[in-house]
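A.B. asks: Okay, handing you the structure first.
The values are calculated or read from the model by the stated rules, or taken from the named source; none is laboratory data. In this text, all values refer to a predicted model and were calculated from it rather than measured experimentally. Positions of Cβ are generated from backbone atoms using ideal geometry, with glycine treated the same way; all protein chains shown enter the neighbour counts. Keep in mind that these areas ignore ligands, DNA and RNA; they rest on the heavy atoms of the full protein, side chains included. Shrake-Rupley method; radii C 1.70, N 1.55, O 1.52, S 1.80 Å.
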Amino acid sequence: MPMSLPEVTVDYDVERIRADFPILGVKPYGKQLVYLDNAATTHKPRCVIEEMSNYYATMHSNVHRGIHYLSEQATAAYERARETVQHFIGAARREEIVFTRGTTESINLVASSWGGANLRAGDEIVLTVFEHHSNIVPWQLVAERTGAKLRVIPLESDGSLSVERTLDAITERTRIVSIAHVSNVLGCIVPVEILIAQAHRVGAVVLLDGAQAVAHCSVNVRQLDCDFYAFSSHKVYGPTGIGVLYGKFELLDRMPPYQGGGDMIRRVTFERTTYNELPYKFEAGTPPIAEAIGLARALEYLGSIGVVAIAEWERRLVEHCCNLLAGIEGVHILGPQSDRAAVVSFVADGVHPHDIATFLDREGIAIRAGHHCAQPLMDFFGIPASSRFSVAMYNTPDEIERAADALRKCLYVLR
Ligand code: 7TS
């Protein structure tokens, strides 16, 4: 092994953390699992699984409607979950937290509701080349409806985002800047403060796609002063099927409903319907109750370990990974190596990313290969796909070494 181990944070007990995640005991093909597909979804600690199971066993009911014991218990737990999310991301008010199905729905909600009400022909929606498809297509849909245009901030040749070019793209025609806080392919942490200030200077609003950020860096929406923030529970150790849209109260309050149905109304007649107050105006139908409770438990768990400690641990894992991959002939890491959170994507001369992923899978190593729902970024690099290692709080230097060794073996066999 050519590289030295990364320095281990004194009080970061990764083995204790690993013991909290039952799935890490699964043995694919009889091998020890090495799970490096955390950018796709993270695993769930036992406390989240138990919290959801306990909810179904002891208090399940529909929320906000039944006047009975179970419904009151369920409603209280669901609303407590909202407050946990509020405090976790530093929102000023509980009404600013809307539960959605995930990042994708959160962005669609803003594009459709805010975009539909505020965008006009000639207005510009500013994005970057590395956006996930779920932060591109909703904007294309609303652009078609309104005549607004997408303006894409170009990347430097190494895949980095220059501050100058970013500031140049945000002009008096900009109505919204919608950008990933952390790229799911490059792992770059975007210096969003500068662009938020510039957007506000020209009277535009900012949506941050935090799908890849919340589990890996501390996020405080009030300090950031972003107008909207979107993230998914399943990428922060919580269940699938639920996500969050944070929006500033004044903005959400002025926006029209996104979907119609139960719970989002105040009074319905065939002539005219009036809408419920925030956040219920945006939560039509029976919400994902157990999932909200599971998400809150996941955030408490994340908070108990500490996002700063996790970020430091992951930074060392990623640095170790970059060093090991740089030592393998014909392997090229996508994007700059600095300011990178949890994600390392790469291509290898002469071997297709899918073949790499398949080979590693047989060694018990789960990675991702493909376009990562970022086809414009693949086009920018002139590649159809890439391989991706993405880490979480429970990964170890030893796992990174096993993955790098398996990659070396794979390239030797397949080249
Ligand atoms: N935005 C970013 C930056 C993402 O990485 C993802 C999912 C989404 C939005 C959509 O999140 P969802 O929970 O609504 O699906 N990214 C990935 C990925 O990189 N591999 O699988 C899913």
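A.B. asks: In degrees between 0 and 90, to the nearest 10, how far off the longest principal axis of the chain does helix 69-89 point, with axes built from Cα atoms?
C.D. replies: Taking the Cα atoms of the chain, the angle to 69-89 is about 60 degrees.
A.B. asks: Using +1 at the C-beta of Lys and Arg and -1 at the C-beta of Asp and Glu, which of I194, L295, Y237 has the Cα lying farthest in the positive direction of the dipole of the chain?
C.D. replies: The one lying farthest along the dipole's positive direction is L295.
A.B. asks: Please get the size of the charge dipole for the chain, origin at its Cα centre, with Cβ charges of +1 on Lys and Arg and -1 on Asp and Glu, quoted in debye to the nearest 20.
C.D. replies: With only Lys, Arg, Asp and Glu charged at Cβ, the dipole is about 840 debye.
A.B. asks: Once phi is turned into θ = phi - 60°, what whole-Hz ³J(HN,Hα) does the Karplus curve with 6.51, -1.76 and 1.60 give for every residue of the stretch 226-235, x standing for Gly and Pro?
C.D. replies: Once rounded to whole Hz, the list reads 6, 8, 9, 9, 10, 7, 10, 5, 5, 9.
A.B. asks: Roughly to the nearest percent, how much of the accessible area of the chain is carbon and sulfur, given a 1.4 Å probe?
C.D. replies: Roughly 52 percent, rounded to a whole number.
A.B. asks: Using a 1.4 angstrom probe on the protein heavy atoms only, could you order L141, L407 from most to least accessible area?
C.D. replies: From most exposed to least exposed: L141, L407.
A.B. asks: Right, another one. Run the dipole for the stretch 189-327 about the Cα centre, Lys and Arg Cβ at +1, Asp and Glu Cβ at -1, nothing else charged, and hand back the magnitude in debye, nearest 20. List each step's numbers first, then the result.
C.D. replies: Numbers: 12 positive and 15 negative charges, 35 e Å.
Roughly 160 debye for the stretch 189-327.
A.B. asks: What list of ³J(HN,Hα) values in whole Hz, one per residue of the stretch 119-134 in order, does the Karplus curve 6.51 cos²θ - 1.76 cosθ + 1.60 (θ = phi - 60°) give from phi, with Gly and Pro shown as x?
C.D. replies: 8, 10, 4, x, 5, 10, 10, 9, 10, 10, 5, 8, 5, 5, 3, 6
A.B. asks: Check the chain and count each lysine pair with an alpha-carbon distance under 25 angstrom, considering only pairs eight or more places apart or from different chains.
C.D. replies: 10
A.B. asks: Could you give me the ³J(HN,Hα) list for the stretch 269-277, computed from phi with Karplus coefficients 6.51, -1.76, 1.60 and θ = phi - 60°, whole Hz, x at Gly and Pro?
C.D. replies: For the stretch 269-277, the Karplus-derived couplings read 10, 5, 7, 7, 10, 10, 9, 6, 6 Hz, x marking Gly and Pro.
A.B. asks: Ordering K409, K248 by accessible area with a probe of 1.4 Å, largest first, what comes out?
C.D. replies: Correct descending sequence by accessible area is K409, K248.
A.B. asks: Would you work out which of A117, N62, F88 lies farthest towards the positive end of the dipole of the stretch 49-304, given +1 charges on the beta-carbon of Lys and Arg and -1 on that of Asp and Glu, about the Cα centre?
C.D. replies: Value computed over the given set: A117.
A.B. asks: Contact order normalised by length for the chain, with contacts defined as Cα pairs under 8 Å and 6 or more residues apart; what percent is it? If you can, show how the numbers build up before the last one.
C.D. replies: On the way: 809 pairs, mean separation 95.2, N = 415.
So the answer I get is 23 percent.
A.B. asks: Same structure again: Tell me which residues come under 5 Å, amide H to amide H, from D37 once H is placed; ignore anything under 5 positions away on its chain.
C.D. replies: S390
A.B. asks: Report, to the nearest 10°, how far helix 307-326 tilts away from the longest principal axis of the Cα atoms in the chain, using its own Cα long axis and a range of 0 to 90°.
C.D. replies: Its long axis makes an angle of about 40 degrees.
A.B. asks: Show the residues, 5+ positions off or on another chain, whose built amide H is closer than 5 Å to the amide H of G243.
C.D. replies: Distant-sequence amide H within range of G243: T100, R101, G102, S233.
A.B. asks: Calculate how steeply helix 46-58 sits against the longest principal axis of the alpha-carbon atoms of the chain, using the helix alpha-carbon long axis, and give the answer as 0 to 90 degrees to the nearest 10.
C.D. replies: The angle comes out near 30 degrees.
A.B. asks: Order S387, S338, S157, most accessible first, counting only protein heavy atoms with a 1.4 angstrom probe.
C.D. replies: Solvent-accessible surface, decreasing: S157, S338, S387.
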